[in-house]
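The values are calculated or read from the model by the stated rules, or taken from the named source; none is laboratory data. Predicted model only: the values in this text are computed from it and were never measured. Every residue, glycine as well, gets a Cβ built from its backbone with ideal geometry; the counts of neighbours run over all protein chains shown.
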Amino acid sequence: MGDARRTLADYFELVDVAQDRLNGTNATDSRLRRITKHAVPVRFRGTARMLVTDAITPIQRRKARRIQQEPPALRLHLGSGGQPKSGWLNVDLAGDPVELVWDLAHGVPFEDARVDAIFHEHLLEHIPLRAGAGLLDECYRVLRPGGILRVGVPDAGALLESYTGDGTYIGALHPDRPTRMLALQELFYWHRHTTMFDEETLALLFRAAGFPEPSRRSFGESDLDSAPDTERRRAETLYMEARKPLA
């Protein structure tokens with residue numbers, strides 16, 4: 001019993017350290033986000049971001065209308081968080097380093113067939129499945145014919161295969177956990193994760209939105225001139241890409 005209690009106590013300490021790291025500031029935080037993290041308790045941060053975002057929604061809607069009239073190709077990075085991409089219009093809630101502050105629960109604030117490409121990475125797992133399907137519907141709506149949608153999500157299929165297999169993949173992502181299940185639970189339930197995807201399920205959402213031929217892609221493999229994938233997410237991510245039909 002003593003060894004088991006020590007093992008569990010060590011794990012709880014590891015969890016506490018990890019949670020403190022998640023709630024603290026990091027190198028990718030904008031100056032505004034760092035100030036907010038210091039000033040606003042963790043339990044109020046999400047609410048504060050939503051309140052600010054809602055307050056400036058009319059201003060940001062007008063900004064989106066202006067942006068879509070500009071001549072350069074319009075490429076959206078939705079749910080960009082602390083990982084903005086150069087050459088993309090980064091979109092997320094207030095407090096992140098973005099060009100457009102927007103709550104995607106209100107859809108994508110552009111007219112039909114105005115966008116050349118859309119990318120989002122580690123976004124869908126944070127929203128309920130029905131809302132995720134609705135977001136892909138919105139992506140389809142605003143894309144021009146021939147436009148590209150690229151999506152990255154945690155690879156739940158690989159996680160489950162590892163859990164029932166030799167455990168190497170799970171162990172590489174979350175080492176030093178006393179059991180595979182504890183590591184798996186972190187990957188499924190931490191970070192406010194709500195919905196998890198394997199290749200089959202993600203492809204279903206693509207097809208339901210109107211993309212007839214979604215294809216799984218490797219990290220960096222894309223029909224885009226340069227894949228915007230985030231290096232630190234390479235090992236854990238399932239990428240899928242599709243074009244909106246020309247007709």
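Observations, loosely collected:
- Breaking point among (1) without any contact (Cβ under 8 Å) to a residue 24 or more places away in the chain; (2) surrounded by 15 or more Cβ atoms within 10 Å (Cβ to Cβ); (3) over 14 Å from Ala156 (Cβ atoms); (4) of a type in the set (A, V, I, L, M), for Met181: (2)
- For region 177-204, a residue qualifies if it is of a type outside the set (Lys, Arg), farther than 17 Å from Glu13 by Cα and not in a loop (DSSP other than H, G, I, E, B), and the qualifying residues are Met181, Leu184, Leu187, Phe188, Tyr189, Phe197, Glu199, Glu200, Thr201, Leu202, Ala203, Leu204.
- Where helices (runs of 4 or more DSSP H) sit wholly within region 88-176, those with at least 3 residues that are crowded, with 22+ Cβ neighbours inside 10 Å and hydrophobic (A, V, I, L, M, F, W, C) occupy 129-142.
- Condition check for Pro245: in contact with a Lys or Arg (Cβ under 8 Å, 6 or more places away or on another chain) and farther than 30 Å from Thr7 by Cβ: no
- Matching residues in region 130-188 - criterion: being over 21 Å from the mean Cα position of the chain (by Cα) and in the same structural domain as Trp88 (by TED's automatic domain parsing): Arg144, Pro145, Gly146
- So Arg207, is it in contact (Cβ under 8 Å) with a residue 40 or more places away in the chain and either not assigned by TED's automatic domain parsing to the domain that holds Lys85 or not in a loop (DSSP other than H, G, I, E, B) (or both): no
- Per-region count, region 202-220, residues crowded, with 17+ Cβ neighbours inside 10 Å and either out of contact with any Phe, Trp or Tyr (no Cβ under 7 Å at 6 or more places or on another chain) or among the small types (Gly, Ala, Ser) (or both): 5
- Residue within region 76-85 that is at pLDDT 95 or above and surrounded by fewer than 18 Cβ atoms within 10 Å (Cβ to Cβ) present: yes
- Options Thr201, Thr195, Thr230, Thr237: the member that is at pLDDT 95 or above and touching a Leu at 6+ places or on another chain (Cβ under 6 Å): Thr195
- Qualifying residue in region 221-233 (condition: among the acidic types (Asp, Glu) and surrounded by 19 or more Cβ atoms within 10 Å (Cβ to Cβ)): yes
- For region 11-35, residues that are loosely packed, with under 12 Cβ neighbours inside 10 Å and at pLDDT 80 or above total 4.
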